[in-house]
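So the structure is just underneath, and the comments pick up after that.
The values are calculated or read from the model by the stated rules, or taken from the named source; none is laboratory data. Since the structure is predicted, the reported quantities are computational estimates derived from the model, not experimental observations. Cβ coordinates were reconstructed from backbone atoms using ideal geometry, including for glycine residues, and neighbour counts include every protein chain displayed.
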Amino acid sequence: MTTVNSASSGEQIDIGDGVTVPAEVTARGTFSGGYRAELVAAYDADSGRYVTRRVVVEADDGQEVTGERLRELPVARLLRLATQGAVAPYLAQHPADMGKAGPTTETLQQVARVYRLALLSGDAPTQAVAEWLAVPRSTAGRWVTRARDRGLLTVVDPRAGKVES
């Protein structure tokens, strides 16, 4: 993949824990060999994540869209890039140095938001909290637990075998 652009729809939906996200996201990529792809994904409340709804592949003149090329298309990567592009503006609205304040109510609310957005974009949520707040992962894990205990974080990483802390 040589270039990728992401965009989102104007409609916003509330996914809980004080987080609103675009109802639909789009990623467009240009690939070596003269191919372009567009992926459109919509937020699915049942799964709690964006799911791919449409993929369009075009070839430059003189090229052909083949089964081999379609199998090479990184659909999961395009979906992740589209989702990350959708959540990035939200994270930019909040100061990243909140970790210095300790586990205040405001910080724990942000822990819940970062956790939920990381989960939405396919990132490891506790690690994302640690990186975003510039605290050790062990501290982030304790703060995730505190946010849950206070009812600020209501989602659990379905990929984890147990509640992540």
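Residues that are crowded, with 18+ Cβ neighbours inside 10 Å and at pLDDT 85 or above were ranked within segment 16-27; the one that is nearest to A59 (Cα to Cα) is A27. Against the list (1) farther than 18 Å from A86 by Cβ; (2) modelled with pLDDT under 90; (3) surrounded by 13 or more Cβ atoms within 10 Å (Cβ to Cβ), the condition V57 fails is (2).
Picking from residues in segment 30-53 that are in contact with a Ser or Thr (Cβ under 9 Å, 6 or more places away or on another chain) and under 23 Å from L117 (Cα atoms), the one that is modelled with the lowest pLDDT is R49. Annotation note: of G102, G67, the sole residue that is surrounded by fewer than 16 Cβ atoms within 10 Å (Cβ to Cβ) and assigned by TED's automatic domain parsing to the domain that holds D17 is G67.
Close contacts from segment 124-138, counting a first residue that is surrounded by 23 or more Cβ atoms within 10 Å (Cβ to Cβ) and a second that is aromatic (F, W, Y), with Cβ to Cβ under 6 Å and a gap of 6+ residues or different chains, come to P125/Y115; V129/Y115. Annotation: of all residues in segment 11-63 being charged (D, E, K, R) and not in a strand (DSSP E or B), the one that is farthest from L108 (Cα to Cα) is D61.
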